[in-house]
Amino acid sequence: MAKRLETPVLLVNQPGEKQQGKFIWKQFTTGERLHMAGVWFIVIFGLANCVYLIPILHLPFIAYPRTSIGGFFVLALLVAWRQYRRNVVADGVGGRCPSCKKDMVVDLDGDDRVPLRKYCPLCGKPLDIIESS
Ligand SMILES: [Zn+2]
């Protein structure tokens, strides 16, 4: 089960009003990372083998159809390795919006890091998320 971590951040709106917030992280165990890496490897390499069976789809590789399979094998390995190395991903930012003064949570992409700009899901105003000093 992924562990939830929180670090303090500041939420700043356009006029410069500040509110305390928290940056929420998800930390994966080694088993979970191995599982995700395996799934990605199977999906990418499996797709490559499906494509291999449909001749029209490897027209760009018509002279060397096996090269595309090798390429997909390397791609699958790289994606699986990258997935395995992602032990901590950004999950969201929570806190009170400095503009509308309501509690909200902003969803983040896994690779998001502070400082970043997002928009309040309740009032739509821009929100700068900066490190809390
Ligand atoms: Zn708001």
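The values are calculated or read from the model by the stated rules, or taken from the named source; none is laboratory data. The structure displayed is predicted, hence computed values, not measured ones. Note: ideal-geometry Cβ built from the backbone for every residue, glycine included; neighbour counts use all protein chains shown.
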Exercise. Within the set of pairs 6+ apart or on separate chains, which have a first residue in region 106-125 that is assigned by TED's automatic domain parsing to the domain that holds Leu10 and of a type outside the set (Ser, Thr, Tyr), a second that is away from the ligand (no atom under 16 Å from the Cβ) and in a loop (DSSP other than H, G, I, E, B), and C-beta atoms under 7 Å apart?
Worked result: Gly110/Arg86
Seminar exercise, completed: Quick count over region 89-116, residues being under 13 Å from Ile129 (Cβ atoms), aliphatic (A, V, I, L, M) and outside any loop (DSSP other than H, G, I, E, B), is 6
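Mind counting the residues in region 81-104 that are without any contact (Cβ under 8 Å) to a residue 60 or more places away in the chain and more than 12 Å from the chain's Cα centre (by Cα)? Walk me through how you get there before you give the answer.
In the first step, residues of region 81-104 are kept if they are without any contact (Cβ under 8 Å) to a residue 60 or more places away in the chain; the result is 81-86, 100-104.
Now restrict to residues that are more than 12 Å from the chain's Cα centre (by Cα): 81, 84-85, 100-104.
So the answer is 8.
Which of the residues belonging to region 117-128 are outside any strand (DSSP E or B) and either hydrophobic (A, V, I, L, M, F, W, C) or touching a Pro at 6+ places or on another chain (Cβ under 6 Å) (or both)? Let's see the steps before the verdict.
Applying the first criterion (outside any strand (DSSP E or B)) to region 117-128 yields 120-125.
Those that are outside any strand (DSSP E or B) and either hydrophobic (A, V, I, L, M, F, W, C) or touching a Pro at 6+ places or on another chain (Cβ under 6 Å) (or both): Cys120, Leu122, Cys123.
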Problem set entry | Residue list for region 120-133, restricted to those being near the ligand (Cβ under 10 Å from one of its atoms) and within 20 Å of Val89 (Cα to Cα) | none
Exercise. Hey, among the residues in region 32-53 that are among the small types (Gly, Ala, Ser) and modelled with pLDDT under 95, which one's farthest from Arg86 (Cα to Cα)?
Worked result: Ala48
